[in-house]
Structures are given as C-alpha cells and as structure tokens.
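Accompanying notes for the structure given below.
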Amino acid sequence: MQRIFRGSQCTIEAIAAALACALLCGAPAAAESWPARPLTMVVPFAAGGGTDVLGRIIGRRLSEILVQQVIIENVGGAGGMVGSARVAKAPPDGYQFVLGSRADAINQTLYKNPLYNFATDLAPVVLIADQPTLLVARKDLPVDDLREFVAYARENQARMQMASAGAGSTGHLDCMLLNAAIGINVTHVPYRGGGPAMQDLIAGRIDYFCTLSATARQQVDGKLIKAIAILSRDRSAMLPELASAREQGLDFEATTWFGFFFPKGTPEPIIAQLNRALNDVLAMPSIEKQLIREGADPVGGTPAEFGQFVQREYEKWKLIVRESGATPE
C-alpha cells in the first residue's frame, strides 16, 4: 500500500505540473500559431458607406499579409454600437475584431444605456486613418469662403437652418462645435441619415451641413453644393484646392478617426501581430493612394499610442455630448 500511495502521489504531482505548464504556456503557443483560420472584421455600419469602404480597402491586403481570409461582416445599428458590442462580447481569441471610429466615443454618452463599455471592453490595436469633416452649403448661399460664411451666418442666424444625419451624429456635433466657435445659434434640422440631408441641401431647403469629405465630393465636383472649408488642420489631398478653416482664420478642427479593436483580454502577442500587419498595410503606397482618394489620411502607430488616444477621445466627447444636449433619435 505504501508503494501504491507514493506512486499515486507522483502521478498527481506530474499531472498538476503538466496543467500548470499548460496554463502558463497555452496563450503564447496559441499566439504563435495565430492566425490558424479565417478572421472576421466587423464593420458596424451598412455596406457601401464610408466606414465599409475603408474596411474593404484594408481587409484585402491584410488577408495577403496574414495568409488567412479576412471576412468582412456588416453589423449595423444604434449608430455603430451593435457591431462594436458584438466584438466586445466575443471570445478574446483573436479571430474577431471591429473597425471602430469616433462614433464609439460619442455613443458612450449619447445613449443612456450603451451596449458596451468603450473604455474597458475593447482592446485598441491601431489607429488607421483620420478623415476630415467638410463644411458645405447650398449652392446659392451668397458666400464664397469661410470668412464670408461667418459674417453672413452672424447676420442671418435667426432664419438659417443647419442639417445633420441625425441628432448626436458626428456631423451634428461638428456643426454644433463650429456654431459655438463662430458665435451663432442656428435651427438644427435632423434627418434620418446623410443621404436625405444631402438631397435637401442640393434642393436648397437647408443652408449648410457638416459631413465627411468623401461623402460630399461628388456633389461638390458637380457644383450641386458649395464647399466652404475643410475642417482639418491642413488641407485634404482629396480636395487640395479647398483651404482649411485654420488657413481661413478660424482656429477650429473636426475630423473622424478609424481604428481596429479586439475584445478585451485578447493575448498581447496577437494584438502585437495584428498591429504589425496593419502598419505594414498602411505603409503600402497603393493603400495610401486608395485611402487618400476616399478622403482619409493614413496614420498607424502602436497599440499603446492608440489606447491613449482613445482615452482622450472618450473624455473629450463625453463633455461635448453633455453640453450639446444631443439625444439619439
């Protein structure tokens, strides 16, 4: 009996040691073999929109670098929250990630009960691009640049109307900030999306609109609407002839950023691998040209840098949304 007990004890100790080794070594081993199967990139907006286009540009080359298919799945709803929430609640195994944006930071305060915690439920991977906001006006508004727009708006604000793609949308908040910067109070007309708002701007039913540059380029080129200023620090390569707000004498900036996130708890080596792969994609001249053509400036960087940026954005938009009084429709 004594020998049997000792043998059993040794067996128990051996099993315990093996389990401990598995726990300690399992995550690195999994990371070393990642990716071993196709990945899913969740785009939290409808197919064909600006976010979707950026995701597909990146996704094609990312598949080549990772030697695994990157499947793009559009999961829209609640201003992007439904798609981001799906990834936030997904297994942290590195096989599902989301193309997040400034909307994620805004939604945390805009909605009373957000579907996930932006600060704690997602792991930042990399900031991929920054897309400037464009201030556009009806084609017959009697102004030709930002200085003239400011003077006209201050004098006629009581009868002017500003459109948006919906209360609390990025364009709504950008225009609210612009209004505050130039000291005007204009009637806000929210629409159910940017398309209907753009149609009414073209028809001259509303006076001005803040939207992503790529969304309005075709209408600007066709002279259906009037471009007043690009609201980024510098000019956009997409509309190089249009002066920025800063160039036109107004210290104001409004852009929308895009970046990738894993579920919180994803192993650090996997986050680092995807970060390297995405930075490699962004460094490709062909990708840079495609992004610029869509009005987006490539960025890149480390997960730590992106994490710090996300925290600043969360705090910034928390204050702005509360002060604006915006609520989702």
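The values are calculated or read from the model by the stated rules, or taken from the named source; none is laboratory data. Everything numeric in this text was worked out from a predicted model, so none of it was measured. Virtual Cβ from ideal backbone geometry, glycine too; neighbours counted across all protein chains shown. Please note that ligands, DNA and RNA were not included when accessible areas were found on the heavy atoms of the full protein model with its side chains. Shrake-Rupley method; radii C 1.70, N 1.55, O 1.52, S 1.80 Å.
Shape of the range 78-134 from its Cα gyration tensor (a ≥ b ≥ c, root eigenvalues): rounded if a/c is under 1.5, otherwise prolate when a/b > b/c, or oblate? Working shown, then result.
Details: a/c = 2.10, a/b = 1.15, b/c = 1.82.
In terms of gyration-tensor shape, oblate.
Roughly to the nearest percent, how much of the accessible area of the chain is carbon and sulfur, given a 1.4 Å probe? Before the final figure, lay out the partial values.
Numbers: 8290 of 15430 Å².
Carbon and sulfur: 54 percent of the exposed surface of the chain.
Each of residue 47 and residue 288 was given a label point 7 Å from its Cα along the Cα-to-Cβ line. The distance between the two points is 3.2 nm. Of all DSSP bridge pairs formed entirely within the chain, close to 60 percent run antiparallel.
Over the range 187-329, what is the relative contact order in percent, taking alpha-carbon pairs closer than 8 angstrom and at least six residues apart? The partial results should precede the final answer.
On the way: 93 pairs, mean separation 20.2, N = 143.
Value for the range 187-329: 14 percent.
A straight Cα-to-Cα reach below 19 Å connects residue 318 with the aspartates and glutamates 104, 121, 174, 253, 329, residues fewer than 8 places away in its own chain not being considered.
Positive end of the dipole of the chain (Cβ unit charges, origin at the Cα centre): among 320, 292, 244, the Cα lying farthest that way belongs to 320. In percent, rounded to a whole number, the relative contact order of the range 122-281 is 38, using alpha-carbon pairs under 8 Å and six or more apart.
Taking amide H as placed 1.01 Å from N in the peptide plane, residue 71 has its amide H under 5 Å from the amide H of 39, 40, 41, each at least 5 places away in sequence or on another chain. Secondary-structure-derived ellipticity at 222 nm for the chain, considering helices only, amounts to -15000 deg cm²/dmol, per-run term -39500 (n - 2.57) for DSSP H runs with n ≥ 4. A simple spin-label model places the labels of residue 117 and residue 73 2.5 nm from each other, with each point 7 Å out along Cα-to-Cβ. Note that the chain shows a convex hull volume over its alpha carbon atoms of 141 Å³ per residue.
Within the range 221-254, the trypsin sites (Lys or Arg not before Pro) that combine a DSSP coil assignment with at most 15 other C-beta atoms in a 10 angstrom radius are 223, 233. Across the range 91-129, the residues whose backbone nitrogen lies under 14 Å from the label position 7 Å along the beta-carbon direction of residue 279 are 125-128.
Which lysines have a Cα less than 17 Å from the Cα of residue 89, not counting those fewer than 8 places away in the same chain? Within the straight-line limit of under 17 Å, residue 89 reaches these lysines: 264.
At 1.4 Å probe radius, can you tell me the per residue accessible area of the range 71-183 in Å²? Working shown, then result.
Numbers: 4060 Å² over 113 residues.
Per-residue value: 36 Å².
State whether the range 39-181 is rounded, prolate or oblate according to the following rule on the C-alpha gyration tensor (a ≥ b ≥ c being the square roots of its eigenvalues): a/c under 1.5 gives rounded; otherwise a/b larger than b/c gives prolate, and the remaining case gives oblate. Taking the square roots of the gyration eigenvalues as a ≥ b ≥ c, the range 39-181 is prolate. Amide hydrogen proximity for residue 259: with H placed 1.01 Å from N in the peptide plane, the residues at 5 or more positions away or on another chain lying under 5 Å are 100, 101, 128. Couplings 3J(HN,Hα) for the range 243-253, derived from phi with the Karplus relation 6.51 cos²θ - 1.76 cosθ + 1.60 (θ = phi - 60°), are 6, 6, 4, 5, 4, 8, x, 10, 7, 9, 9 Hz, where x marks Gly and Pro. Find out how many positive minus negative residues lie around residue 232, taking Lys and Arg as positive, Asp and Glu as negative, among other residues whose Cβ is under 15 Å from that of residue 232. Overall, the nearby charge balance is -4.
Of all lysines in the structure, the ones whose alpha carbon falls short of 26 Å from that of residue 289, not counting any fewer than 8 places away in one chain, are 223, 226. Less than 5 angstrom separates the built amide H of residue 228 from those of 135, 136, 137, all sequence-distant by 5 or more or on a different chain.
Convex hull volume per residue, computed on the Cα atoms of the range 235-314, equals 108 Å³. Using a simple spin-label model with pseudo-atoms 7 Å out from Cα toward Cβ, residue 202 and residue 187 lie 2.4 nm apart.
Percent relative contact order of the chain, based on C-alpha pairs within less than 8 angstrom and at least six residues apart?
Values: 613 pairs, mean separation 83.3, N = 329.
It comes to 25 percent, rounded to a whole number.
P(r) tail for the range 175-226, what percent of Cα pairs lie past 18 Å? Cα-Cα pairs in the range 175-226 separated by more than 18 Å: 33 percent. Considering only beta bridges that DSSP places wholly inside the range 108-263, some 75 percent are antiparallel.
Packing, as the average of other Cβ atoms within 10 Å across residues, places the peptides 289-297, 199-207 in the order 289-297, 199-207, highest first.
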